[in-house]
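Chemist: Let me give you the structure first, and then I'll get to my questions.
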Amino acid sequence: MHIAEIYSYFPFKLFGLDRRNLDDLVAAEFAAELELCRINPEMLQQYLDMKQTGHRTGFISDTYWDSAQLARLLRACHPGLAWDFLYASCDHGSSKSEALFARYITDQGVDPAASFHVGDNESADIKGARRHGIRPRYYPQASASLASKLQRETAMFELLCQGRPSRLDHGARTLRRMVAVRSAEKSPAFQLGMTVLGPVMTAFDTFVAARYEALARPGRRVALGFLGRDGFLSHRIWQERHGTISAYVEINRRVSLIGSANSMEPLCDLLGKVLKIDAPTLRDMIKILPPEVAAFFANYPDGIAPGNELAEALPDLMDAGEITELAAGLRARLLAYLRHTIPGFDHCTDLVLADLGYSGSVQKALRRIFDQEGINIRLHGAYLISLDDAFDDIAEGDTAEGFISDLVVTPHVKRMLIRNVALLEQICCSAEGSVRDYQDEAVLREINPRPTEQIALAAEIQSGALAFAAAADKIASEYKLLPYAALDVAASWSAATLARLLLLPDDDEIALLGGLKHDVNLGTHALAPLLDGGFVRNQLTARGLSAACTSAAPPMWLAGSFAGLSPSYSYLYTLFGANRLPADVFEEAACGALQIGLFQTDGGASMETVTVHRTGLGELRLRIPLSRTMAVATIAVPLAKLAREGLLHGVTVQSGDGVRDAVESQEVTGIAADSLVHAGLQRNGLYYCAENDDGCLLIPVGPMTRDVAVYSIALTSLSHARILATALE
């Protein structure tokens, strides 16, 4: 088909045009082709080598451009290009898969076995050539896996970066395809680093370089430091691409906050963000353990207290002077380390701190330390992801800027990314434990609790990212691509690429990354799981979709946990995080009532009526509240009256001091399937089928630890097309 035939279907009137504008439209598209097409240097070299050795060489293309247009396009990409033959499918009314190869063989009078065809379409170029006896060579533009990722990224871009065109990216995706094509087959971890993480971190490296160069004005001495541990990969990429002096600076939030303390407030702020902590861990953090603090821990089971409760009590348990004295010693050791690590530290006027992000807590704490010690070095944060509203209190003269800022995606989206950023942190960080102190200008580290295989996996992913960074500039130059010329465009696509990995991982990525653990990095050796699909399923059963989407950690990778249930669930989570999930569509609506039986421990029984809800995904929900005084031993739910055939997704229980307290609790326990009794029901996995309308699910009620327990049941009916509101009586 010719281009003019395609444009004959154009909706001219819609755009205030008529058919006399058809040629103008064709010319506009061809002008875009001339501007955007690039020659493949590898293909060009092979083409020229074949010609120089005396082979007849030319082009056969499935295209809606005729041979004259195709010739002009080829020479625009490479002036002076010559060929012995050129075939365009639209000139001959047939594609390569049909009769175009046969036409070439007849016209040129060649032996098919002596012909050699290179192409990137497996059906047309490879199978089509082979069908006509021509030897093929497959030159893929992108693997099926990468093509799928790029498609998901485009959807993510259009969802998260609204108002920006998703078509043009200055060649960033072309660069990724070409780097991937040139790489030898490597491990899945290496491929992930090369095709996904590498492009994001290389774009971020360009942003850091721009920040650094903008500060390097006459009269200034600017140093660059990458904050450990998460800045480890960024530092390696900087060394790969620039080779200039920079430092890998191991400072974390805990060390910087304690070192900057001139009151109890910084320590309490730190502890308030810790989920659980024990006495030995606190002593390791602050070097002392006053008797009052030890007694505080003794009041908790196993001596483990919630961090927020310790933060609230601590000002009454110890003297602030003890903290300030400890802080002064830590500051002195930290500054000795900085002078040793950052070349020319005492002569610096400005120090750029590069990190994954997010609120600049280390930068702010370091500012307080510098001010306390009379150090007049300005600090400038360069962050991959920034919570920009957290920069309002940056000291005068200092600056902080995020590559993926509020100008790229909304703060709402940003918080969704940061909720799932633990995956990125684990991939990017060093293989060492986190810093806990300094001695003799060197780092003292925590033990590294992460498994050896996890450290090896992260190293392999980083190797792929470094391979991309090493090849990107050269290949971009060969193809005349400028993927980082407009940093705002690069930031938008980096946000989409990163969001696709964190929020919409594919099955291969879940299998590869799902076993990773997150070390809390606040003076504890605990490891938190990144994935927990069972947790999400229980949250959906007990609390509903929106509540599940707001679940606090752990699991650390909530989006991945949704994806472990299904890709659609992870997309719904993404829509929720982008504020694009209408509650009246996906939340629950009452659709009837059901009588259930409650059997007491003393042999008594009663019938109670509970409301049945239908979710936006068509699942049914029942919530059955019980009080301790009811002394219920068994709940009988007549599932057959809801649906004679269905999928039972689970039964959960929540506890609290009241009904509202219980139903809002994130502490959801799933009831083991083998403890449920199916009376008049046949069960196979999730599937059940009732023999008659009396089929019941019997749920044993365990000992109650709180005043109220709420049992929730989730099922999908297979015996109704759809259950409408008030349809059940």
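A short reminder: the numbers here are calculations on the coordinates, not readings from a lab. As the structure is a prediction and not an experimental result, all values here were calculated from the model. No Cβ is skipped: glycine too gets one built from the backbone with ideal geometry, and neighbour counts run over all protein chains shown.
Chemist: Give the relative contact order (percent, whole number) for the chain; include only Cα pairs under 8 Å separated by 6+ residues.
Modeler: 11 percent
Chemist: Restricting to the chain, what percent of DSSP beta bridges are antiparallel, rounded to 5?
Modeler: Antiparallel: roughly 70 percent of the beta bridges in the chain.
Chemist: Another question about this same structure. What does the C-alpha gyration tensor say about the overall shape of region 531-584? Classify as rounded when a/c is under 1.5, otherwise prolate if a/b is larger than b/c, or oblate.
Modeler: Prolate shape, in that a/c is at least 1.5 and a/b is the bigger ratio.
Chemist: Treat each spin label as a single point 7 Å out from the Cα along the C-beta direction, and report the ASP316 to GLU691 distance in nm.
Modeler: In this crude label model, ASP316 to GLU691 measures out at 6.2 nm.
Chemist: Could you tell me which residue out of GLN654, THR206, LEU175 lies farthest along the dipole of the chain toward its positive end? Charges go on the beta carbon: Lys and Arg +1, Asp and Glu -1, centred on the Cα centre.
Modeler: Of the candidates, LEU175 comes out farthest on the positive side.
Chemist: What helices does the chain have that are whole DSSP H segments, at least 18 Å long along their own axis by Cα, and with mean Kyte-Doolittle hydropathy of 0.0 or more?
Modeler: 22-36, 144-160, 198-215, 320-341, 452-478, 487-503
Chemist: Right, something else. Length gain on complete extension for the stretch HIS412 to GLU213, per 0.36 nm per residue less the alpha carbon to alpha carbon distance?
Modeler: Answer, rounded to one decimal: 68.5 nm.
Chemist: Let me know the shape class of region 255-410, please: from the alpha-carbon gyration tensor, a ≥ b ≥ c as square roots of the eigenvalues, rounded when a/c is under 1.5, otherwise prolate if a/b is greater than b/c, or oblate.
Modeler: Verdict is oblate for region 255-410.
Chemist: Let me ask you something else. Need one number: nm distance between label points at ALA328 and ASP584, each 7 Å from Cα along Cα→Cβ, rounded to one decimal.
Modeler: 6.4 nm
Chemist: Taking the Cα centre of region 588-717 as origin and charging only Cβ (+1 Lys, Arg; -1 Asp, Glu), how large is the dipole, in debye to the nearest 20?
Modeler: 140 debye
Chemist: Checking the table LYS364/LYS517; LYS13/LYS96; LYS51/LYS480; LYS127/LYS149; LYS287/LYS364; LYS480/LYS517 against a 31 Å threshold on Cα-Cα, which pairs fail?
Modeler: Checking Cα-Cα distances, LYS13/LYS96; LYS480/LYS517 exceed 31 Å.
Chemist: Of the listed values (1) 48; (2) 31; (3) 38, identify the label whose number matches percent of Cα pairs over 41 Å apart calculated from this model.
Modeler: (1)
Chemist: Express the relative contact order of region 531-584 as a whole percentage, based on alpha carbon pairs under 8 Å and six or more residues apart in sequence.
Modeler: Over region 531-584, the number comes to 34 percent.
Chemist: Do any GluC sites (Glu not before Pro) in region 376-451 lie in a loop, going by DSSP, with at most 14 other beta-carbon atoms within 10 Å of their beta carbon, and if so which?
Modeler: GLU396, GLU441
Chemist: Looking at the chain, identify the longest residue range that excludes and avoids all trypsin sites (Lys or Arg not before Pro) in DSSP loops having at most 16 other Cβ atoms within 10 Å.
Modeler: No qualifying site falls inside 288-479, the longest such stretch.
Chemist: Find which of TYR688, ALA633, VAL677 sits farthest along the positive direction of the dipole of region 588-717, computed with +1 on the beta-carbon of Lys and Arg, -1 on that of Asp and Glu, about the Cα centre.
Modeler: TYR688
Chemist: Please give the net charge around LEU387, taking every other residue with its beta carbon less than 13 angstrom from that of LEU387, where Lys and Arg add +1 and Asp and Glu add -1.
Modeler: Net local charge, LEU387 excluded: -3.
Chemist: Here's a follow-up. In whole Å and largest first, what semi-axes does the C-alpha gyration tensor of region 176-288 yield when each eigenvalue is scaled by 5 and square-rooted?
Modeler: 36, 23, 11
Chemist: Test of understanding: extend the Cα→C-beta vector of GLU33 to 7 Å, then name every residue of region 115-145 with backbone N under 18 Å from that spot.
Modeler: Counting backbone N atoms under 18 Å from the label point, the list is 120-121.
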